[in-house]
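See below for the structure under consideration.
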């Protein structure tokens with residue numbers, strides 16, 4: 001174990017073994033808004049590395065090499081986890097090679113890779129900015145990477161970024177955008193015993209659901225990757241009382257759109273799709289193009305074996321994209337296990353990611 | 001005013017003036033489950049009438065003549081009101097002849113008619129059972145008339161009953177039945193970014209709403225009265241989170257059916273209507289046939305002027321019907337004002353009802 005409780009905080013050994021480091025990170029409680037102890041330990045350990053410049057902003061910690069290389073890349077991971085769900089602290093099944101516990105897959109396995117590389121690569125062939133940030137698992141407004149982009153945009157300037165969200169140690173490029181609207185029907189209340197005096201807003205929503213049921217998704221191919229859009233009712237509500245014809249029905253719809261469409265284009269598509277209905281935009285985040293044409297990106301993809309999949313879920317990759325930094329997801333563990341009580345990671349994937357990134361940063 | 005606070009409870013003067021009595025009743029607080037003070041006052045006042053036998057059950061008070069007449073009729077009203085809504089105590093606009101306040105229309109105007117007739121008609125031409133009951137405005141299980149029918153069915157035995165719910169002083173005969181079902185669709189959850197891996201239960205509800213929107217109501221004519229059925233979604237709900245394809249959608253549907261259909265027939269109709277969907281019955285109450293063929297009913301309708309309208313809303317009329325007692329709604333006030341903050345009754349309608357019933361019980 002790489003964790004030692006010194007009595008004045010947790011001390012992390014970044015250099016010994018990447019899997020031991022992942023175990024240590026899992027055992028430091030860091031549910032969103034409670035990342036301070038872990039951020040302190042990370043900062044303290046990184047300050048012990050003479051080849052790094054370390055900057056602290058809130059509970060976000062940045063460490064950088066400054067070797068004057070021709071390219072700079074970012075390796076980023078969030079420190080926080082979703083709430084404990086009977087899975088803290090972690091448990092290491094040595095025989096199976098599986099690390100169980102909160103954050104094991106999302107994303108302390110990835111954080112361990114970042115920190116181990118930071119500590120053990122004094123002279124990478126590309127300058128590297130290592131970013132460990134807070135509050136990714138909660139509302140957008142708290143996101144540590146967002147705050148860093150606002151306060152210190154220079155710290156995120158780079159030619160390429162790797163966000164170490166779990167991706168089964170495969171490269172997921174780009175990111176679909178997401179948008180939510182509330183589509184409303186109006187009616188007129190009446191006692192249900194005299195329903196013909198009113199107008200039923202729930203019945204009026206039938207056409208909205210008909211359009212959704214008939215929706216055919218676009219599947220554009222971008223940089224060789226096929227994206228698959230989606231348009232789904234994620235919530236429906238309406239009704240006043242058991243004996244009242246309802247005067248309003250609201251269908252909340254989530255649109256996931258491929259990164260060849262701007263947010264404006266996606267909004268226009270949805271408004272046109274629901275033409276004739278009151279449509280209120282409640283959430284909107286852009287997608288990110290794969291951006292695989294830059295040298296650092298190409299060489300990274302080659303180092304991982306050349307396979308790239310499109311990313312469907314929205315991640316902070318798109319935040320880098322908005323800053324003009326092409327980014328990919330690449331990290332150990334199955335993303336479908338994230339936020340589950342039985343969250344776990346195959347430690348071989350942690351070692352694979354560490355090996356691949358080390359090779360890429362040594363080339 | 002017919003109300004005197006004696007310091008040991010409220011004393012009601014039943015004989016002086018029916019409108020004064022209505023004003024007094026409105027000013028005794030009797031929100032459902034808080035009817036005791038009013039039931040006490042009613043019991044005490046009725047016990048002062050030597051020609052009546054008085055029975056008390058909980059907060060329900062029954063008074064009867066026992067003159068050996070060939071027919072017996074029931075006049076019934078509930079004592080409780082919905083909660084106070086800035087409209088207690090009442091206010092009498094003498095110039096306009098309008099009594100404002102909680103319970104003025106639902107249904108202390110009708111109660112005043114019952115109590116005034118009870119006190120001032122020592123020898124009606126039909127034996128009369130006067131019933132003032134509690135807890136009509138709350139869940140069915142509390143209904144005082146229901147409890148009386150269970151504990152003392154003989155007290156409700158009669159040839160005809162008049163329920164003095166507001167009906168604009170017109171006769172409303174029969175009563176539609178009411179039934180509720182929950183119609184469910186099932187799907188499969190998935191992250192909305194990979195929606196094709198799931199199955200959207202809200203989209204699947206489109207066909208349920210299509211059927212409802214296309215529903216054509218029956219309008220059967222019974223005893224010369226046209227009933228108008230209804231089938232309405234009164235609530236819809238579905239959704240897990242803003243980024244999850246939902247696996248369930250529930251549409252709550254209220255069916256109002258004409259009294260020529262039994263509850264079994266109505267249920268079969270609804271199940272057939274939603275064939276192919278999971279359909280759970282949650283509420284079922286029978287209708288009541290108009291029952292205008294009995295002599296007491298015919299003469300009552302003649303006394304009111306001969307006009308009869310069908311009753312659409314479900315009322316305790318159907319409870320009498322289930323006991324084999326034909327019943328009608330007939331009472332002062334506009335039912336559309338019931339349960340409103342600006343509840344009010346034209347006092348001329350109170351006088352009209354009192355006059356009509358007196359003539360009928362004197363014929």
- Taking the label point 7 Å from Cα in the Cβ direction, how far apart in nm is residue B:263 from each other copy of itself, listed shortest first? 5.6
- Message: To test your reading of the geometry: what angle, between 0 and 90 degrees and rounded to tens, separates the Cα axis of helix A:295-304 from the longest principal axis of chain A?
- Response: 80
- What's the Kirkwood radius of segment B:202-360 in Å, using all Cα pairs? 18.9
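How big is D for segment A:1-148, in µm² s⁻¹ as a whole number, if Stokes-Einstein is applied with the Kirkwood radius of its Cα pairs at 20 °C and 1.002 mPa s? Write down the numbers at each step before the final one.
Working: Rh = 15.4 Å.
Roughly 139 µm²/s, to the nearest whole number.
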- Message: At 7 angstrom along the Cα-to-beta-carbon line, where would the label on residue B:33 sit relative to the other copies? Give the distances in nm, shortest first.
- Response: 3.5
- Query: For chain B, modelled as a Gaussian network with Cα springs under 10 Å, which listed residue fluctuates most, B:223, B:111, B:27?
  - Reply: B:223
- Task: Quick one: among A:315, A:304, A:282, which has the greatest mean-square fluctuation in a GNM of chain A with alpha-carbon springs under 10 angstrom?
- Result: A:282
- Say a label goes 7 Å from Cα toward Cβ at residue A:95 in every copy; what distances in nm does this one have to the rest, shortest first? 9.5
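What number, in percent, do you get for the relative contact order of segment B:221-363 if the mean sequence gap of Cα pairs under 8 Å and at least 6 apart is divided by its residue count? Provide the component values of the computation, followed by the final result.
Details: 135 pairs, mean separation 27.4, N = 143.
It rounds to 19 percent for segment B:221-363.
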- Task: Compare A:176, A:307, A:44 in a GNM of chain A, Cα atoms joined below 10 Å, and give the one with the largest fluctuation.
- Result: A:307
- Query: Rg and Dmax of chain B, Cα atoms, in Å?
  - Reply: 23.4, 80
- Query: What percentage of all Cα-Cα pairs in the protein assembly as shown are separated by more than 35 Å?
  - Reply: 59
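Just counting partner chain Cβ atoms within 10 Å, what average do the residues of peptide B:204-217 show around their Cβ? Please report the intermediate quantities before stating the final value.
On the way: counts 2, 7, 11, 4, 4, 12, 5, 2, 4, 7, 2, 3, 0, 2.
Rounded to a whole number, the mean comes out at 5.
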- So what does the Cα-only Debye profile of segment A:13-78 read at q = 0.14, 0.17, 0.27, 0.28 Å⁻¹, as log10 I(q)/I(0), no solvent term? -0.48, -0.69, -1.36, -1.38
- Evaluated at 20 °C and 1.002 mPa s, the Stokes-Einstein D of segment B:151-286 based on the Kirkwood radius over Cα pairs, in µm²/s, stands at 122
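Viscosity 0.890 mPa s, temperature 25 °C: Stokes-Einstein D of segment B:136-200 from its Kirkwood Cα radius, in µm² per second? Mind dumping the intermediate values first?
On the way: Rh = 17.4 Å.
Value of D from the Cα-based Kirkwood radius: 141 µm²/s.
Nearest 5 is fine: what % of DSSP beta bridges in the protein assembly as shown come out antiparallel, could you say?
Taking every DSSP beta bridge within the protein assembly as shown, about 75 percent pair in antiparallel fashion.
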- Message: Quick check: the angle from helix B:347-362's long axis to the longest principal axis of chain B, C-alpha only, nearest 10 degrees?
- Response: 70
- Task: For every helix of n ≥ 4 consecutive DSSP H residues, a contribution of -39,500 (n - 2.57) applies; sum these over chain A, divide by its total residues, and give [θ] at 222 nm rounded to the nearest 500 deg cm²/dmol.
- Result: -8000 deg cm²/dmol
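Each value in this text was obtained by applying a stated rule to the coordinates, not by laboratory testing. Keep in mind it's a predicted model, so treat the numbers as computed, not measured. With ideal geometry, Cβ positions are generated from the backbone for all residues, glycine too; neighbour counts draw on all protein chains shown.
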